[in-house]
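Before any comments, here is the structure.
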Amino acid sequence: MNKKTRYIVIIAIIALLGGLTAWYKLTPGKYDNLAACLKEKKVVFYGAFWCPHCQATKKAFGKSAKLLPYVECSEANPDAQGNYGQLPICREKNIPGYPTWEFADGSRISAQP
């Protein structure tokens, strides 16, 4: 393969990958309607970036996770003991654990009692 052909192949591969990335980002997620409905119904998903159950929930929603009515509760940096503090918005709401789903009527489903 000569140098010119090699460059054309590389450019074609880059263009193909760029096109696939754009297509993926522009197509709706499988659960977009569900995530939008949760938000419309004033459901809130409280979680923490380090919480494996929260990560699993987001993963289950796939690319629709970006539409979830998610509130991050954890501070970004741990204290001296390696514990993450809770952000004020979640302290004020008395979020007991993660994940916690809060519904418009104030009822909750939580990992903690």
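Consider A76 against the criteria (1) open to solvent by less than 50 Å² (accessible area, probe 1.4 Å); (2) more than 9 Å from the chain's Cα centre (by Cα): it satisfies all of them except one. Which criterion is unmet?
Of (1) open to solvent by less than 50 Å² (accessible area, probe 1.4 Å); (2) more than 9 Å from the chain's Cα centre (by Cα), only one is false for A76: (1).
When only residues in the stretch 79-100 that are hydrophobic (A, V, I, L, M, F, W, C) and surrounded by fewer than 17 Cβ atoms within 10 Å (Cβ to Cβ) count, which is modelled with the lowest pLDDT?
Checking each candidate, the answer is A80.
For the stretch 39-56, how many residues are in a helix (DSSP H, G or I) and open to solvent by less than 30 Å² (accessible area, probe 1.4 Å)?
Matching residues across the stretch 39-56 total 1.
Specify which of the listed residues (G62, G29) is surrounded by 12 or more Cβ atoms within 10 Å (Cβ to Cβ) and on the phi > 0 side of the Ramachandran plot.
Every option except G62 fails the conditions.
The values are calculated or read from the model by the stated rules, or taken from the named source; none is laboratory data. Remember, predicted model here, so these are calculated numbers, not experimental data. All Cβ positions, glycine included, derive from the backbone under ideal geometry; neighbour counts span all protein chains shown. For the accessible areas, the whole protein counts, side chains as well, though only heavy atoms, and no ligand, DNA or RNA atoms are used. Shrake-Rupley method; radii C 1.70, N 1.55, O 1.52, S 1.80 Å.
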